[in-house]
Amino acid sequence: MNTTQPDTSQPDTPQPLTGKIALVAGATRGAGRAMAVELGRAGATVYVTGRTTREHTSEIGRTTETIEGTAELVDAAGGKGIAVPTDHLEPEQVEALVERVDREQGRLDILVNDIWGGDVHVEWDKKMWEHDLDKGMRILRLGIETHIVTSRYALPLLIRNPGGLVVEVTDGTEEYNGPNYRKPFYYDLAKAAPLRMARDLAQEVEEFGCTALCLTPGWLRSEAMLDTYFKVTEENWLDGRKQNPHFAISETPTFVGRALVALAADPEVARHNGKSLSSGGLAKEYGFTDVDGSRPDAWRYITEVDQQSKTADVTGYR
């Protein structure tokens, strides 16, 4: 399955999120797009935001994926997708977005903070003092400030009703990111912050009967990972092992989308309040699989397997 076009077949099972209203902030491509689509497959109405539309391209420079395209995929999956162009660094745009959700739906049940777009600014091999400062600060604004602005305006609507779910999305679990340096400096800070945000927000929303947590995919076969970094497609992704054998543990964006749905549909999701969770770990708990029927546990693999090795054995990890 090509991750730029998630499975859009109509669901043949009950839709556990029918009637739920979701906002996926940063849903243009990758994990955000897949999470929006899977929420739609589960029956939710999903507001999808981002900066790339059919009329405007963000600094990332990709024209293939747009928020309108994501909304159409949500519709095709069985939900209702609503595309709202939004720059989450602009408070007035975020405020207007939430006012629209309130005006049209009167509630918000699921908030997903998946805003990113900082990879294009990362100077991967440079020390902190060598890294371009403007690019570094842009990384922090895109990966941290956007999440803060979005929560600032969306949470008053979400906590209006008990059962609301706030999901901070990052790269890496607390168990892995805590003791390891996710170099370079600015990237490490950007990916550590959502873990702490989830813990902090968990304390603040709990009294309203809501839950906040942090969710990470494993090694994500996003559109850019496939066609830009590994020069493969979803159909021949295994060829990427020639470039890096450990690519064998990678997963489609749909996997983390299914993880999100499992959480959102769980009436006892509050037991995860404040936690750092991964797609691979949740697959064991909830029983869902990736599109190929496997359950890749990338973060356990990354922790336990020698990443410097030129051979990879994913036996027991997917």
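Annotations for the structure displayed:
- Wholly within the stretch 225-318, helices (runs of 4 or more DSSP H) carrying at least 3 residues that are in contact (Cβ under 8 Å) with a residue 40 or more places away in the chain and over 30 Å from ILE159 (Cβ atoms): 298-304
- Scope the stretch 57-104; condition farther than 21 Å from SER222 by Cβ and among the small types (Gly, Ala, Ser); matching residues: GLY78, GLY79, ALA96
- Residue within the stretch 29-49 that is farther than 20 Å from ASP102 by Cβ, modelled with pLDDT of 95 or more, crowded, with 24+ Cβ neighbours inside 10 Å and polar (S, T, N, Q) present: no
A quick yes/no check of all residues on (1) in contact with a Pro (Cβ under 8 Å, 6 or more places away or on another chain); (2) among the charged types (D, E, K, R); (3) closer than 27 Å to ALA264 by Cα; (4) crowded, with 17+ Cβ neighbours inside 10 Å:
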site: ALA76; (1), (2), (3), (4): no, no, yes, yes
site: ASP114; (1), (2), (3), (4): no, yes, yes, yes
site: LYS126; (1), (2), (3), (4): yes, yes, no, no
site: TRP129; (1), (2), (3), (4): no, no, no, no
site: LEU133; (1), (2), (3), (4): no, no, no, no
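- In the condition set (1) buried (at least 21 other Cβ atoms within 10 Å of the Cβ); (2) farther than 28 Å from MET137 by Cα, VAL232 is compliant with all but (1).
- Qualifying residue in the stretch 117-125 (condition: among the aromatic types (Phe, Trp, Tyr) and more than 30 Å from TYR229 (Cβ to Cβ)): no
- Breaking point among (1) within 15 Å of the chain's Cα centre (by Cα); (2) farther than 27 Å from VAL74 by Cβ; (3) of a type in the set (Gly, Ala, Ser), for ALA264: (2)
- Those residues of the stretch 33-58 which are in contact with a Gly (Cβ under 8 Å, 6 or more places away or on another chain), not in a strand (DSSP E or B) and not charged (D, E, K, R), in sequence order: ALA34, MET35, ALA36, VAL37, LEU39, GLY40, ALA42, GLY43, ALA44, SER58
- When the test is whether a residue is in a loop (DSSP other than H, G, I, E, B) and either among the aliphatic types (A, V, I, L, M) or surrounded by 17 or more Cβ atoms within 10 Å (Cβ to Cβ) (or both), LEU108 passes it.
- Residue check, PHE255 within 21 Å of ASN113 (Cβ to Cβ), in contact with a strand residue (DSSP E or B) (Cβ under 9 Å, 6 or more places away or on another chain) and not β-branched (Val, Ile, Thr): yes
- LEU142 being part of a helix (DSSP H, G or I), within 18 Å of the chain's Cα centre (by Cα), surrounded by 15 or more Cβ atoms within 10 Å (Cβ to Cβ) and modelled with pLDDT of 95 or more: yes
- On inspection, GLY61 fails the criterion of being modelled with pLDDT of 95 or more and part of a loop (DSSP other than H, G, I, E, B).
- Some residue of the stretch 90-103 being over 30 Å from ASP266 (Cα atoms) and outside any helix (DSSP H, G or I): yes
- Count of the stretch 81-120 residues which are within 19 Å of the chain's Cα centre (by Cα) and either β-branched (Val, Ile, Thr) or at negative phi (or both): 22
- Given (1) under 23 Å from VAL169 (Cβ atoms); (2) modelled with pLDDT under 95; (3) small (Gly, Ala, Ser), number of the condition SER309 does not satisfy: (1)
- Looking at GLU130, GLU123, just one residue is more than 30 Å from LEU17 (Cα to Cα) and without any contact (Cβ under 8 Å) to a residue 12 or more places away in the chain, and that residue is GLU130.
- Residues satisfying the stated conditions in the stretch 173-216, i.e. in a loop (DSSP other than H, G, I, E, B) and buried (at least 23 other Cβ atoms within 10 Å of the Cβ): THR173, CYS210
The values are calculated or read from the model by the stated rules, or taken from the named source; none is laboratory data. What you see is a predicted model; the values in this text were computed from it and never measured. Ideal geometry is used to build each Cβ from the backbone, glycine not excepted, and the neighbour counts take in all protein chains shown.
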